[in-house]
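All remarks here apply to the structure that follows.
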Amino acid sequence: MSRHYSPLLLALLALVCSIATLPSTSAFAGSYTVISCGGASPSTNNAWAPGANQYMSAYTNCPQQGSGNEATTGIVTRNVVTPSASGSRAGWLAGASQTFTAPEGTGIGQINATTSLRRYPSGYWTVGFVGWSGDTLANFFGASLLWGNTSGDGGGGAFEYNGINANFNAGGRTRVRLDTRCGDIAGCLTDWLAIDSSTNRSHQRAYATMTNVSVQVLDSVPPSVTGGGPAWGSGWQRATKTVHVDAWDSTGIKAVSATLDGIPIDTRTSTCDFTQRAPCPNRSDDLAVVTAATADGPHSLAVNALDTANNVRSSAVTIYTDNSPPGRPTAIAVDGGDGWRAMDEFAVTWNNPGGQASPIVRANYELCSVANPASCERGFQDGVGISRLSKLAVTEVGAYTVRITLQDEAGNSLDAQASDPCDPAL
């Protein structure tokens, strides 16, 4: 129910509302909605910051308690009631405010709230929503009235509207505040008003309160994302490795993922709180890169970040995978041929198999006594495309066999692919 002290002000209010709801001229790729004092969180205000001067008060008392309590419950801005006939006055431009500040790089779009406004006995109070952009907290003259009534129309401007819907567009501004502010250069009275016989309650001189508040945050800036860790390297990969993802956005990160050739392979999602101005946390995660089912060769590995407003950014590198061990070496031979020799040192050569994706970089060998097959010496020699073991030696006179297993740059090696034994008797 509403009581009107100045019929002209309702028309003024409607005019202000119609101007304020013009669509924003800015183009934004994504958005999300922040809820305060209503919906699934009726007792919560995590988004609007209070501020007040002397004889003014701003606080949260959610949920709003309904008819007769509009001035003191919900998200509240009002004058502090001082003793009757005290003559106490809030100073010129003194006010109480609840301010919503958009996260860095974003703007404010549509705002919807159940709102109650009052000013009495004159029009020297501004009650309603004002908006601006920039870091400086603008006073009344530095901000635009988005919805409500401005001060300055003098003694004929008293009114009270309770439980009305405020629905307007902030046009991409970075700050909006609900205001109860004195516009009289001589100051505005704050003393207690007489009890209203129709409602049997006393009055604040001025208030602007709200509940069931939703704020659309507009965001066209994609998040930042970087990759790192073992799978992000330039070398050959095999099996499962991890890629480290760091993702940041002023609104938070809803999810991060890794893709291989555009196919999702691992994802992490956030628990987001849409009562906060930045609802989602930023993320730092290790994601699994499983290459076992991929073809050997080059692939595109990407890390992706999705921010709260559903903007996406990706970072990608080319990785090389190889999950196939080298084949068996062939034509293995001892320099100088098999048989007995006087020197305790020899070399072995062979032919490498074809069809490799990553290059052969290591030859593992096993040198075993023919008389005691369990007595073996093991070692390896490295080199890109290695096909020769040099300066092999044994500790005792006797006959020995040597077997060779190849390993590629990705780390693949398989005993089943070992060479047939060769017999360098000493």
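Every condition in (1) buried (at least 19 other Cβ atoms within 10 Å of the Cβ); (2) in a loop (DSSP other than H, G, I, E, B); (3) among the β-branched types (Val, Ile, Thr) is met by THR395 except one, and the failing one is (1). Condition check for GLN381 on (1) at pLDDT 95 or above; (2) among the polar types (S, T, N, Q); (3) assigned to a loop (DSSP other than H, G, I, E, B): one failure, at (3). Can you name the residue in the range 226-251 that is under 15 Å from the mean Cα position of the chain (by Cα) and among the charged types (D, E, K, R) and, of all such residues, is surrounded by the most Cβ atoms within 10 Å (Cβ to Cβ)? Taking the candidates together, the pick is ASP249. Among the numbered conditions (1) at pLDDT below 80; (2) surrounded by fewer than 17 Cβ atoms within 10 Å (Cβ to Cβ), the only one that GLN54 does not meet is (1). Return yes when ALA305 is at pLDDT 95 or above, on the phi < 0 side of the Ramachandran plot and surrounded by 18 or more Cβ atoms within 10 Å (Cβ to Cβ) and no when it is not. So ALA305 passes the test. Considering ALA371, ALA331, ALA363, ALA316, the condition of being small (Gly, Ala, Ser), more than 49 Å from the chain's Cα centre (by Cα) and assigned to a strand (DSSP E or B) is satisfied by ALA331 alone.
Considering the range 21-36, and only residues there that are out of contact with any Lys or Arg (no Cβ under 8 Å at 6 or more places or on another chain) and modelled with pLDDT of 95 or more, the residue that is surrounded by the fewest Cβ atoms within 10 Å (Cβ to Cβ) turns out to be THR33.
If I ask for residues that are part of a loop (DSSP other than H, G, I, E, B), within 18 Å of ARG313 (Cα to Cα) and in contact with a Lys or Arg (Cβ under 7 Å, 6 or more places away or on another chain), which ones from the range 262-279 would you list? Across the range 262-279, the qualifying residue is only SER270. Set side by side, the residues SER270, SER250 differ, and just one is touching a residue at least 40 places away in the same chain (Cβ under 8 Å) and either among the hydroxyl-bearing types (Ser, Thr, Tyr) or closer than 28 Å to GLY171 by Cα (or both), which is SER250. Among the conditions (1) outside any strand (DSSP E or B); (2) closer than 30 Å to CYS37 by Cβ, MET343 misses just one, which is (2). Selection of the range 252-261 for residues being crowded, with 17+ Cβ neighbours inside 10 Å and either modelled with pLDDT under 95 or not in a strand (DSSP E or B) (or both) yields only GLY252. Of the residues making up the range 314-364, just one is exposed (fewer than 14 other Cβ atoms within 10 Å of the Cβ) and among the aromatic types (Phe, Trp, Tyr), namely TRP340.
Checked against the criterion of being closer than 25 Å to ALA158 by Cβ, out of contact with any Cys (no Cβ under 6 Å at 6 or more places or on another chain) and either assigned to a loop (DSSP other than H, G, I, E, B) or at pLDDT 95 or above (or both), the range 3-20 contains one or more residues that satisfy it. Condition first: part of a strand (DSSP E or B), modelled with pLDDT under 95 and in contact with a strand residue (DSSP E or B) (Cβ under 6 Å, 6 or more places away or on another chain). Can you find one or more residues in the range 220-238 that meet it? The answer is yes; a qualifying residue exists. State the number of residues belonging to the range 398-411 that are charged (D, E, K, R) and outside any strand (DSSP E or B). So the answer is 1. Could you tell me whether THR44 is in the same structural domain as VAL130 (by TED's automatic domain parsing), modelled with pLDDT of 90 or more, crowded, with 17+ Cβ neighbours inside 10 Å and over 28 Å from GLY91 (Cα atoms)? The answer is yes for THR44. Scanning the range 153-184 for residues that are assigned to a loop (DSSP other than H, G, I, E, B) and at pLDDT below 90 yields a count of 5.
The values are calculated or read from the model by the stated rules, or taken from the named source; none is laboratory data. A quick note: this is a predicted structure, and the numbers were derived from the prediction, not measured. Neighbour counts run over all protein chains shown; Cβ positions are idealised from the backbone, glycine included.
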